[in-house]
Amino acid sequence: MSPEGKRLLNIIVLGFGFMFMFTAFQTCGNIEVGTICINFAALRYCSMAIIYGVFSASNLIAPSVVAIIGPQLSMFLSGLLYSGYIAVFIYPYTWSFYTVSVLVGIGAAVLWTAQGNVLAINSTDNTIGRNSGIFWALLQFSLFFGNLYIYFAWHGHVHITDKDRQTVFISLTVISLVGCFLFFLIRKPDPESSPSDPFETPPQCESTESISTATSPCAGLCSQALDAFVKACKMFVTKEMLLLSVSIGYTGLELTFYSGVYGTCIGAMTRFGKDAKSLIGLSGIFIGLGEILGGGVFGMLNKNDRFGRNVVVLLGLITHFVAFYLIFLNIASNAPLAPEGGTDLQAYISPSVEVALLCSFLLGLGDSCFNTQLLSIIGFMFRDNSAPAFAVFKFIQSIMAALAFFYSNYLMLHWQLLILILAGFLGSVTFFVVEWQVESSRRDSDYDSI
């Protein structure tokens, strides 16, 4: 197999591994609020708030972990923590629920830092856009398959029984474990395409001083870990990353909205009928379809110079604004805070399942626009230091996601939508500024964007 073919195969395997893992985890996130409200009424949204809070803090050490044990083993061990989180819902207890929420937050930081590293070292300046699109499309198939199962399994169920819950979460745990083991199929890229060999345990530092003083392997690894941490801190305060942080922060806010809040709102609308609970799974399917379409289309259009990153982000912004407006008209403002029995209130139009599902699709499509372009521009700008760069990316995103899960407990729907509109507008403007700077600095390079 050619070196380029091997790198492309690595991206596809990476995508399938994440697809299996997040088929389980995303589905768990979509139905978690419903099952927890039944068993732990006081813990609504708390799980995701804990996960993303720990996630943000753990990104400070994630580059060091990846530098020491390599991205492949990092992804596998992190995946095991994700599987443990899902398994807790088979027999949920409050203490285990809080414990695994903390652990999966740590695992998430290491997982996504390693993912960004694998994506960058298996891409060139000409293929980073294409590979970002391929990975994103495969990842978002997770929303389709898991929620399709939930829709048919829970169709017509007003109350989710313990047996229903146990069957679902046992299946999801097994699926997540399959994704973990797929990471071992990723092969290291050829040396000429990657100056460092991240798939082997990093060697000891071999400076003149260390050789002459016979520095221990432990000291070499500690030095490498400290170097990765310092790089991440310095990268965070660069002008480009500070500008991109607004765009990244917006993806964290809307991640919380489409993955947790919006599904809860649909499930709380009693005017949708007795199948409102099963509509949560159907909404997840339509979000996944939007994500898959966005990742696939922008990947295929990678070589079209007219279809630059700014155009895609602008498309994402317009798509989200349309979705927010329709949600404002269709969903009652108290839906995010409604009790388990739901809400009988009506918004500005007669509640429509079709409009609600259209909004789900638009939320997914817009999210893919922002995330594929952020993956592409960060992978291009920081290719030589991809692990620290993607750690900073996830650090910012997870902080904002945790913040959004926190305020979702208190704010009515219209205030949450207003926050998203303002953040989306500012995030798009700052992304345009960075992209224009990148374009002006690479006039003579063979730069490819999706």
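The values are calculated or read from the model by the stated rules, or taken from the named source; none is laboratory data. None of these values were measured; they are calculated from a predicted model. No Cβ is skipped: glycine too gets one built from the backbone with ideal geometry, and neighbour counts run over all protein chains shown. In case anyone asks, the SASA skips ligands and DNA or RNA and just uses the protein heavy atoms, side chains included. Shrake-Rupley method; radii C 1.70, N 1.55, O 1.52, S 1.80 Å.
Flag not set for Pro351, criterion: farther than 22 Å from Gly133 by Cβ, touching a helix residue (DSSP H, G or I) at 6+ places or on another chain (Cβ under 6 Å) and not in a loop (DSSP other than H, G, I, E, B).
With assigned by the TED database to the domain that holds Glu4, small (Gly, Ala, Ser), modelled with pLDDT under 80 and over 14 Å from the mean Cα position of the chain (by Cα) as the only criterion, which of Gly70, Gly146 stands out? Being assigned by the TED database to the domain that holds Glu4, small (Gly, Ala, Ser), modelled with pLDDT under 80 and over 14 Å from the mean Cα position of the chain (by Cα) holds for just one of Gly70, Gly146, which is Gly146.
Kindly check whether there is at least one residue in segment 437-445 that is modelled with pLDDT of 85 or more and out of contact with any helix residue (DSSP H, G or I) (no Cβ under 6 Å at 6 or more places or on another chain). No, that holds for no residue.
Does at least one position in segment 335-349 carry a residue that is surrounded by fewer than 16 Cβ atoms within 10 Å (Cβ to Cβ), of a type in the set (Phe, Trp, Tyr), more than 16 Å from Leu317 (Cβ to Cβ) and modelled with pLDDT of 80 or more? Within segment 335-349, one or more residues are surrounded by fewer than 16 Cβ atoms within 10 Å (Cβ to Cβ), of a type in the set (Phe, Trp, Tyr), more than 16 Å from Leu317 (Cβ to Cβ) and modelled with pLDDT of 80 or more. Any idea which of Val322, Val297, Val312 is part of a helix (DSSP H, G or I), open to solvent by 10 Å² or more (accessible area, probe 1.4 Å) and either at pLDDT 85 or above or under 30 Å from Leu337 (Cα atoms) (or both)? That would be Val322, the only listed residue that is part of a helix (DSSP H, G or I), open to solvent by 10 Å² or more (accessible area, probe 1.4 Å) and either at pLDDT 85 or above or under 30 Å from Leu337 (Cα atoms) (or both). Under the condition of being part of a loop (DSSP other than H, G, I, E, B) and open to solvent by 60 Å² or more (accessible area, probe 1.4 Å), which residue from segment 169-195 is modelled with the lowest pLDDT? Residue satisfying both the conditions and the ranking: Pro195. When we screen Arg7, Arg44 for residues that are modelled with pLDDT under 80 and at negative phi, the only hit is Arg44. Within segment 110-147, the set of residues being open to solvent by 10 Å² or more (accessible area, probe 1.4 Å) and of a type in the set (Val, Ile, Thr) comprises Val110, Ile121, Thr124, Thr127, Ile134. For the structure I just gave you, tell me whether Leu374 is at negative phi, among the aliphatic types (A, V, I, L, M), open to solvent by 10 Å² or more (accessible area, probe 1.4 Å) and outside the structural domain of Val66 (by the TED database). Against the criterion (at negative phi, among the aliphatic types (A, V, I, L, M), open to solvent by 10 Å² or more (accessible area, probe 1.4 Å) and outside the structural domain of Val66 (by the TED database)), Leu374 does not qualify.
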